[in-house]
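Novice: Pasting in a structure now, in structure tokens, and then I'll have a few things to ask.
The values are calculated or read from the model by the stated rules, or taken from the named source; none is laboratory data. Quantities reported herein were computed from a predicted structural model and do not represent experimental measurements. Please note: Cβ atoms are built from the backbone with ideal geometry, for glycine as well, and neighbour counts cover all protein chains shown. Ligands, DNA and RNA are stripped out before the accessible areas are found, and what is left, the full protein with its side chains, is counted by its heavy atoms. Shrake-Rupley method; radii C 1.70, N 1.55, O 1.52, S 1.80 Å.
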Amino acid sequence: MGEIILDVRNQRTAFATGRGMLQAVDGVSFTLERGKTLGVVGESGSGKSVLSRSIMRLLPGTSMTGPGSQILLNGKDLTAMTENQLRRMRGPEMAIVFQDPMTALNPTLSIGKQIMEVLMFHLKMSKRDARAKAVDLLKAVGLPQPDVRVDQYPHQLSGGMRQRVAIAIAIACEPDLLIADEPTTALDVTVQAEILDLLQRMVRERNMAMILITHDMGVVAGRCDDVAVMYAGKIVEKAPVRSLFSETRMPYTAALLSSIPRVTDPPHRKLDAIEGRPPDLINPPPGCPFAPRCRHAEDACNRAVPELTGTADHQWACIKPLNTEAAA
Amino acid sequence: MNYLIKRFQRLLIVLGVVTLITFLLVNVLPGDVAYEIAGMDSSEEEVQEIREELGLNRPVLIRYVEWVTGIFTGDWGTSYISDEDVWEAITDRFPVSFELMILAQILALLLAIPAGMISAFRPNGRGDRIIGTIAFASVSMPSFMTAILLIYFFSLHLGWLPATGYEPLSEGLWQNLRPMILPALSLALVEWTILMRTLRVEMIAVLQENYIALARAKGMSNLRILLVHALRPSSFSMITLLGLQVARLLGGTIIIEQIFGIPGVGRLLIHAVYTRDFIVIQGCVTFFALAFVTANFLVDIAYAWLDPRVRTRGAHG
Ligand SMILES: Nc1ncnc2c1ncn2[C@@H]1O[C@H](COP(=O)(O)OP(=O)(O)O)[C@@H](O)[C@H]1O
Ligand code: SF4
Ligand SMILES: [Mg+2]
């Protein structure tokens, strides 16, 4: 077993809303080793972004973290840290790439400055060294003419270019953990693969651990070691990517898999293909959250929330898992 | 280029409207400069004679056209009372008023920027509410009231700063600034609140932006996020307001200059109004309008500095 970078234990994140508490992340646990990539897949609203912000501890003031929740990064408990201690972790130990590169960069600062400030704050580099390093980083992420681009502003770059800059910022201080929250959802289909390849290459070259968040099962197929499927704030199935595809247990996972776009599909086909809507997170149903939409649901499903069961490798939260004797 | 032409057209329209209105207004005021020149106990014939001499009995519009033509040839006329050249009278005194206005704007910004940032950082938090209350009290008080209170407190009570007077810059920077502090503060204490509120609203929105979240994710401190990441993109409305406020400030300085005995354009104008010296009134008003348009032109330049998108667009054409 490799070195464990991230250990998330029973993470629960709720928001105080006008209607009551909204449980956005509900008891998520997993570990991630150095050099590995964990795919986190789920429909929009399933809690993927809140999970990633919970790990970065970048939640708004209206949020509450469960009392039993713990997040260990390199063995250090992030949930027990002060804001100042956390600041020193963000950059050198963990970093994030957001979904929309059009809004994730500051329009009033040159991209060079936006990279340099991380280097100058965390690595105490001089301005000159930081600038040279920024050019190197831009070159590493495949930005053409990095020495010219370094002085340009975000609006002078295309979406794909901006996402490359965002990746350069994220890897600037060689973090151990990189979170990519739907890094290609806002991009042109033609550049999506390029950005995913770049992320994969960076992770491999720098021996980082990565959480690759997506709503697209097709994205995780060739690029992740393990996949966690999220639904209504919970991990409902987790497995090595191969087993997830070949021995799918959760009907929700199966539904996601069957909605992977094929080459023959028209472009921009989304996962929304699953019928029905996810449950209300403020007043969740008593049983399996997927029951109202599940083709295999029976009375027992509505009685209690299914626990995550299975082997150390492959777990699922379903009382009637597919492809087993129990499913008949 | 096109843009400059448009600006210039607007300048001409503003000037035309403003000067015509004042010209007409001064003429409906009872009494005219001829009475003033003739003196208290002169006969109606003597006054009429002076009017004749000065050409004051000709139709208003003709005199207006004459005056406008003069402006275009650089002749702003001569004061009926003091025989002083109007252009010189104004430009002699304007630096004093200008200094007062700049100081007032600087003080207003010095108050508005930190206060606006604190307010926006935690909207409805304690800091925000305290600042909101102070701002409300501050803006509720007209600047002349503020001036009187400031004089009472800082000059009479504490004796720290002079209540009146003016020292030219040649007497030394501090000598020059000392008597300017209270007048500038009187103006600033009204102006800062609007700037602060504008900055607050815009910054609250900016702090929700993704790039602020990214700055946090990079480990940047709250102070750095506010100053380096959020202030610039939050200050567009505030800068616009800074230009528009020049009009109000010009009005404010007239009163404040009276209270503090500052020899600026305001005093010149007030004196001219008392003596119906309308050629001087016209000159001052025109000059103010020019100053206003110039200030707003500078605001546009500030935009380009604040927003690289404007800057690079300009560079391409
Ligand atoms: N700041 C917030 N306040 C209240 N609710 C929120 C907030 N952020 C996210 N949520 C809710 O949490 C749930 C999960 O959201 P999110 O993690 O963004 O989903 P996604 O899987 O699409 O990234 C959604 O129901 C969303 O409405
Ligand atoms: S527990 Fe029941 S409702 Fe839930 S996914 Fe399994 S079969 Fe469907
Ligand atoms: Mg999301």
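Novice: Restricting attention to the range B:227-239, which residues are more than 18 Å from A:I111 (Cα to Cα) and either of a type in the set (F, W, Y) or assigned to a helix (DSSP H, G or I) (or both)?
Specialist: Hits for the range B:227-239 are B:S234, B:F236, B:S237, B:M238, B:I239.
Novice: Turning to a different aspect of this structure: Please list, ordered by first then second residue, the pairs with beta carbon atoms under 9 Å, 6 or more apart or interchain, first in the range A:230-251 and open to solvent by less than 30 Å² (accessible area, probe 1.4 Å), second of a type in the set (K, R) and not in a loop (DSSP other than H, G, I, E, B).
Specialist: A:M230/A:K48; A:G233/A:R12; A:L244/A:K238; A:P251/A:R293
Novice: For the range B:156-175, enumerate the residues that are under 18 Å from B:Q258 (Cα atoms) and among the charged types (D, E, K, R).
Specialist: Passing the criteria: only B:E167.
Novice: Restricting to strands (runs of 3 or more DSSP E) lying wholly in the range A:1-100: which have 2 or more residues that are in contact with a helix residue (DSSP H, G or I) (Cβ under 6 Å, 6 or more places away or on another chain) and either within 16 Å of ligand 1 (Cβ to nearest atom) or at pLDDT below 95 (or both)?
Specialist: A:4-17, A:20-33, A:37-41, A:94-97
Novice: Quick check on this structure: which one of A:A228, A:A304 is within 16 Å of ligand 1 (Cβ to nearest atom), more than 14 Å from every other protein chain (Cβ to nearest Cβ) and either modelled with pLDDT under 90 or closer than 20 Å to A:N10 by Cβ (or both)?
Specialist: Answer to the check: A:A228.
Novice: Has the range A:5-14 got any residue that is more than 16 Å from ligand 3 (Cβ to nearest atom) and under 26 Å from A:D197 (Cβ atoms)?
Specialist: yes
Novice: Please find, within the range A:184-215, the residue that is least open to solvent (accessible area, probe 1.4 Å) out of those that are among the charged types (D, E, K, R) and not in a loop (DSSP other than H, G, I, E, B).
Specialist: Only one residue fits best here, namely A:R206.
Novice: Within the set of pairs 6+ apart or on separate chains, which have a first residue in the range A:195-215 that is away from chain B (no Cβ under 14 Å), a second that is within 16 Å of ligand 2 (Cβ to nearest atom) and charged (D, E, K, R), and C-beta atoms under 9 Å apart?
Specialist: Correct list of pairs: A:H215/A:E43.
Novice: Quick one: would you say A:D181 is among the acidic types (D, E), open to solvent by less than 10 Å² (accessible area, probe 1.4 Å) and out of contact with any Cys (no Cβ under 7 Å at 6 or more places or on another chain)?
Specialist: yes
Novice: From the list B:P168, B:P179, B:P114, B:P95, pick out the single residue that is under 21 Å from B:G243 (Cβ atoms) and either crowded, with 18+ Cβ neighbours inside 10 Å or without any contact (Cβ under 8 Å) to a residue 24 or more places away in the chain (or both).
Specialist: Being under 21 Å from B:G243 (Cβ atoms) and either crowded, with 18+ Cβ neighbours inside 10 Å or without any contact (Cβ under 8 Å) to a residue 24 or more places away in the chain (or both) holds for just one of B:P168, B:P179, B:P114, B:P95, which is B:P95.
Novice: Okay, moving on. Would you check which residues across the range A:290-309 are open to solvent by 80 Å² or more (accessible area, probe 1.4 Å) and either of a type in the set (K, R) or within 16 Å of ligand 3 (Cβ to nearest atom) (or both) and list them?
Specialist: Correct list: A:R295, A:R303.
Novice: Now for a different question. If A:I169 satisfies every condition in (1) in contact (Cβ under 8 Å) with a residue 60 or more places away in the chain; (2) over 22 Å from A:P183 (Cβ atoms) but one, which is the exception?
Specialist: Result: A:I169 fails condition (2) only.
Novice: Counting only residues that are of a type in the set (F, W, Y) and outside any helix (DSSP H, G or I), how many does the range B:169-219 have?
Specialist: Total meeting the criteria: 0.
Novice: Taking the range A:278-296, which residues are free of Cβ contacts under 8 Å to residues at least 12 places away in the same chain and within 11 Å of ligand 2 (Cβ to nearest atom)?
Specialist: Listed by number, the list holds a single entry, A:A291.
Novice: Being open to solvent by less than 50 Å² (accessible area, probe 1.4 Å) and either farther than 19 Å from B:K218 by Cα or within 14 Å of chain B (Cβ to nearest Cβ) (or both) is the filter here; which residues of the range A:127-139 pass it?
Specialist: Selection gives A:A130, A:A134, A:L137.
Novice: Here's a follow-up. Return the pair list, or none, for Cβ contacts closer than 6 Å from residues in the range A:62-74 that are touching a residue at least 24 places away in the same chain (Cβ under 8 Å) to residues that are open to solvent by 50 Å² or more (accessible area, probe 1.4 Å) and not β-branched (V, I, T), at least 6 apart or on different chains.
Specialist: These pairs meet every condition: A:T62/A:A16; A:G66/A:R12; A:G68/A:N10; A:S69/A:N10; A:S69/A:R12; A:Q70/A:R9.
Novice: Would you confirm, using the coordinates I've provided, whether A:I115 is of a type in the set (A, V, I, L, M) and in a strand (DSSP E or B)?
Specialist: no
Novice: Read through the list (1) assigned to a helix (DSSP H, G or I); (2) within 16 Å of ligand 3 (Cβ to nearest atom); (3) in contact (Cβ under 8 Å) with a residue 40 or more places away in the chain, then give the number of the only condition that A:T103 fails.
Specialist: For A:T103, the failing item is (3).
Novice: Checking the structure you have, find out if any residue of the range A:147-161 is of a type outside the set (D, E, K, R), crowded, with 23+ Cβ neighbours inside 10 Å and either within 16 Å of ligand 2 (Cβ to nearest atom) or within 12 Å of chain B (Cβ to nearest Cβ) (or both).
Specialist: For the range A:147-161, residues of a type outside the set (D, E, K, R), crowded, with 23+ Cβ neighbours inside 10 Å and either within 16 Å of ligand 2 (Cβ to nearest atom) or within 12 Å of chain B (Cβ to nearest Cβ) (or both): present.
Novice: Whether any residue in the range A:113-125 is surrounded by fewer than 16 Cβ atoms within 10 Å (Cβ to Cβ) and more than 8 Å from every other protein chain (Cβ to nearest Cβ) is what I want to check.
Specialist: yes
Novice: Still on this model: Checking the condition among the small types (G, A, S) and either within 16 Å of ligand 2 (Cβ to nearest atom) or open to solvent by 30 Å² or more (accessible area, probe 1.4 Å) (or both), which residue from A:G20, A:G39, A:G91, A:G68 passes?
Specialist: Unique residue meeting the criteria: A:G68.
Novice: So, of the residues in the range A:94-107 that are within 17 Å of A:L178 (Cβ to Cβ) and of a type in the set (A, V, I, L, M), which turns out to be surrounded by the fewest Cβ atoms within 10 Å (Cβ to Cβ)?
Specialist: A:A104
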